[in-house]
Amino acid sequence: MATLCGGWLCPPARADISAAMVRGQVRLGAGSDQAGIQIIATHLQRGFSTRTFSRADGSYVLMALKPGRYRLSVQAPDGRQAEQELTLQVGQTVLLDISLDPKPDVATADGNPAEQNSSELATYLTPEQMQRLPQVNRNFLNYADLAPGVNVVNGEEGATRLQSGGQRPDSVNLFIDGVSQKNYVVRGGVAGQDSSKGNVFPEAAVAEYKVISQNYKAEFDQVAAAAVSVQTKSGGNRFQGEAFYDHTNQDLRAATPSEQLAGKRDTEQAQYGVTLSGPIVRDVAHFFMAYERKVNDDFANVAAGDGGSVPAAYQPLLGAFNRPFEQDLFFGKLDWAIGARHLLEASFKFRDETESLGIGGINARTYALEKGNSEHRLDFKYQYSAEHWVNEARFTYEDANWQQTPAENAPGVLLQRLDGSLSGNTLASRSVLNAGGSTNYQQKGQNGPGLQDDLTFSDLHWYGEHVAKVGVKLKRIELNALERDPYHPQFSFNLNNPAGTPYRVRWASALAGAGDGSTASDVSQFGVYLQDDWQVDKHLSLNLGVRWDYEYNPGYLNFVTPADVAGALRGWSNLQNGNAGYDIENFISSGNNRSADSNNIAPRLGFAYDLLADQRHVVFGGFARAYDRNIYDVLQLEQTKGTYPSYSVNFLGDPNYDCAAAADCIA
């Protein structure tokens, strides 16, 4: 009877960002030739097969396997066979020893190894967990709360971001099918998650994912905190579909504290979606698609800031108003196996959302900001599997944009009450209501192509077994930012002034010859890494890697600080008499005194030692360095802030506001 044994090789170690791997040794018995034994891994859902042959010592490696359920078939030249089904997870390496006894028979066994012998601190989020653990907004990132040291941060407006290791969310990175989703311009770490209550990706399209909070390997770039690796669903040999609908309103929830006195307000939260998948050609080509929509209709209460009355023309702006949010998410994927060695995958992601912000308190509905958040990503992958090496080449194109604009195209009206008294040296005022057009206008985004290639070798022997990987990534991304504040003139009115005329106006405009509050930069990013997963013996495994990253940002490197700004900075520094604590010249650019950082060499070293070779007592640890890129939203400030300056003028005629002594006081 032939058997598959777990032994010391059953637990998995680590592998690729998104792919899994099976490695181990085939044993035929003393005196038997152990070379040329065929090992085939067949994906039970898609029918794709990956095969290899054992080497002279019986060792074998199956690489670049999509996570999922597999049937492993082993057949020796003399007819002896064995089969086993096993489940592979994101980024796993299952170490499986195979023993065939002399009888030509087929043995079947069902095993599902658990990852223990690994140097990384990682948590797997399985399909079963995502189905059974409750949550209210279908954001798959919420499950990352289960990972040690990782927190899901919910902002005031309902935005969801990840935070890990005591660092800001900017340091997190999300990889979907091995492709980085990094946000280079605004905050949040992941594109589109700076201030959005929406979801970054349809949960129905997530097969499973892994959260690594420490000791990630050299493949992971643009990350200094947690790395999240997601594997998306694919179509199989059966047509399948799912649909869901979640809904709640004011009748299905408790009253908020403000509603306990005034009564419940009408609200609604609805989420619905559908998935469809199946074969195009059985065992050869498949499709998968998922669509999800989210609609929120929350309320906000607008009231006079001092509790007093407002003119009749503004009274309709007081009361309860809805704050709508809408999001559409789509993900589509095609795969095509051309023979046993070639695999093509193409996927497309679409995200579009709109939201009304800033309503409530003293901000009227007209004073709202309309926020838009969109993202389009196109990914192609070509995989070639040879006998002892696998190459994965990827092409990606991303176009992500975030903006917020005033809801009303009109001057802003700021109603206040002034009585002529002073608060210190400042005229006392009480804000009552903000109406008309709001102040802040922003547009920020990133778009451009990227190329990535990863080459993995398995036929390497030196004091144990090695799986070595080398990779390179090149991206050409245009980063852009526009900020104009205030976008509409803001007129301040004193409700105690019977004349009803404004006492001040503040506005901004482009500075001739300098700019208009916008900037853009064509950024080049380059990264290269080398990773060796070394199984020394049945006790010790090592993960040894190093990567180097380089970024050229001409918008920052070639910027010239305007002469008047440089002079003002130097003058201020002289007034400090050297007590500022830093050299002001480090913040003044001549256009050629800045250079791109070329010292970003990041070692990634880890070990795991199984004390008794039984996977019950494993000591693991590591040392690593990681570099992340500077947020462009910070770098662009020196280019934009001085090009769209704001001004203010005070007006005569208010008995509670005497500006006659001011230089900017006019009729």
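Summary table
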{"item": "Single residue of Lys469, Lys473 found to be in a strand (DSSP E or B), in contact with a Gly (Cβ under 6 Å, 6 or more places away or on another chain) and not aromatic (Phe, Trp, Tyr)", "result": "Lys473"}
{"item": "Residue list for the stretch 592-616, filter: open to solvent by less than 30 Å² (accessible area, probe 1.4 Å) and without any contact (Cβ under 8 Å) to a residue 12 or more places away in the chain", "result": "none"}
{"item": "Criterion: surrounded by fewer than 18 Cβ atoms within 10 Å (Cβ to Cβ), in contact with a His (Cβ under 8 Å, 6 or more places away or on another chain) and modelled with pLDDT of 95 or more - qualifying residue of Phe380, Phe350", "result": "Phe350"}
{"item": "Selection within the stretch 494-505 - surrounded by fewer than 17 Cβ atoms within 10 Å (Cβ to Cβ) and either within 38 Å of the chain's Cα centre (by Cα) or hydroxyl-bearing (Ser, Thr, Tyr) (or both)", "result": "Thr501"}
{"item": "Lone unmet requirement of (1) under 30 Å from Gly436 (Cβ atoms); (2) open to solvent by 70 Å² or more (accessible area, probe 1.4 Å); (3) within 24 Å of the chain's Cα centre (by Cα) for Ala481", "result": "(2)"}
{"item": "Test: residue in the stretch 538-553 that is open to solvent by less than 30 Å² (accessible area, probe 1.4 Å), under 30 Å from Asn600 (Cα atoms) and assigned to a loop (DSSP other than H, G, I, E, B)", "result": "yes"}
{"item": "Residues of the stretch 81-97 satisfying the condition of being over 34 Å from the mean Cα position of the chain (by Cα) and either among the polar types (S, T, N, Q) or modelled with pLDDT under 80 (or both)", "result": "Gln81, Gln84"}
{"item": "Residue, farthest from Ser374 (Cα to Cα), within the stretch 430-442, restricted to residues that are assigned to a strand (DSSP E or B) and in contact (Cβ under 8 Å) with a residue 60 or more places away in the chain", "result": "Arg430"}
{"item": "Output for the stretch 299-318, where each listed residue is open to solvent by 50 Å² or more (accessible area, probe 1.4 Å), within 27 Å of Gln250 (Cβ to Cβ) and among the hydrophobic types (A, V, I, L, M, F, W, C)", "result": "Leu318"}
{"item": "Residues located in the stretch 517-537, provided they are under 18 Å from Gln446 (Cα atoms), of a type in the set (Ser, Thr, Tyr) and crowded, with 21+ Cβ neighbours inside 10 Å", "result": "Thr519, Ser521"}
{"item": "Counted residues, the stretch 574-591 - those being open to solvent by less than 70 Å² (accessible area, probe 1.4 Å) and not in a loop (DSSP other than H, G, I, E, B)", "result": "2"}
{"item": "Per-region count, the stretch 189-233, residues in a loop (DSSP other than H, G, I, E, B), open to solvent by 10 Å² or more (accessible area, probe 1.4 Å) and among the polar types (S, T, N, Q)", "result": "2"}
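The values are calculated or read from the model by the stated rules, or taken from the named source; none is laboratory data. The model shown is predicted, which means the values in this text are computed figures rather than measured ones. When we count neighbours, we look across all protein chains shown, and the Cβ atoms used for this are built from the backbone with ideal geometry, even at glycine. To get the accessible areas, we keep the full protein, side chains included, count just its heavy atoms, and leave off ligands, DNA and RNA. Shrake-Rupley method; radii C 1.70, N 1.55, O 1.52, S 1.80 Å.
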